[in-house]
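In what follows, a single structure is set out as structure tokens and then discussed.
Just so it is clear, none of the values below were taken in a lab; they were calculated from the coordinates. Please read all numbers here as calculations on a predicted model, not as lab measurements. FYI the Cβ positions are ideal-geometry reconstructions off the backbone, even for glycines, and counts take in every protein chain you see.
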């Protein structure tokens, strides 16, 4: 009996150790695609306005409507103070509401908290604006700003091109800062009032280090998933910044989203990039799987994918609505795609 208990304890220790190890996977390109692509550009803009680049997308608090950050018909909102970059769409693509004209330089990441407030990461600076994270009411009233307007830095009150923002159930605020492999490469944590609490990360490829922390998501256990794009991996942390695991099977993540069923969506817009030949063997697209076992169970391939294409194609931002439909926010093609679940 003692020997059996010892063996059971040994097995448990081995299992825990295995879960803590990086999940090193071969290219995950062949999972089934249970989605139908809605033809054309989804989302009707006002007459005379065309879609610009977008990487920011998130469901509204009702899980039905979809918020999008769109870069004012181009890839930058500078000089377009007449256009609202933050847009709310109904499931059929009808524009319901918009706001933010003249307030945001480069909308990059979006998050909607349980109260329906819309958080926007503005990842560039110009004309005394940008390098900030803003909290808006669902109607578009500015409620809070983190960072110093137009000032790039690495302190407690400054960001340098913040890529994404996430609000935990207890109200804690997490910011992925900043955009680009040579940036701040850190995650910054604030309390619900915006008071600085801590930060972690530096440039590198070891556990807890980053090269372009590009996206954030949180599962039902409160674990923080960080899309470490420059290192072609995602890392999982406690909310105190303790490293839990590293996964590579979800590609080179530009965008992350975790739904209420703990399904993980990872948007890979850069694998096999002609500029860096990064993450060779992985095809661009949206990989879908469980946060519990890390298995990739579905794959939506990039409609425009070709090996060696320079720059970004496919979705950079990704989200799913309450019905399980998927939305891909695309920078290069300058559009938002909707994928409807068919099985």
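Laid out as a table, the results:
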| read-out | value |
| --- | --- |
| Calculated [θ] (222 nm, deg cm²/dmol) that DSSP helices of n ≥ 4 give over the chain, each run adding -39,500 (n - 2.57) | -2000 deg cm²/dmol |
| Sorted largest first, extent of the range 63-165 alpha carbons per principal axis (Å) | 41, 30, 20 |
| Peptides 122-135, 179-192 ordered by average Cβ neighbours within 10 Å, highest first | 122-135, 179-192 |
| Label-point separation in nm, residue 342 to residue 240, each point 7 Å along Cα→Cβ | 4.9 nm |
| For the chain: relative contact order, % (alpha-carbon pairs under 8 angstrom, 6 or more apart) | 16 percent |
| Between 0 and 90°, nearest 10: helix 2-20 axis offset from the chain longest Cα axis | 30 degrees |
| Spin-label model distance (nm) - residue 197 vs residue 61, 7 Å beyond Cα toward Cβ | 2.1 nm |
| Inter-label distance, nm, simple model (7 Å from Cα along the C-beta direction), residue 82/residue 137 | 2.8 nm |
| Taking only Cα atoms of the range 106-198, radius of gyration then Dmax in Å | 12.0, 36 |
| Rel. contact order, % - alpha carbon contacts under 8 angstrom, at least six apart, the range 57-174 | 18 percent |
| Long-range Cα-Cα pairs in the chain (distance over 28 Å), rounded percent | 37 percent |
| Length-normalised contact order for the range 216-261 - Cα pairs under 8 Å, 6+ apart - percent | 38 percent |
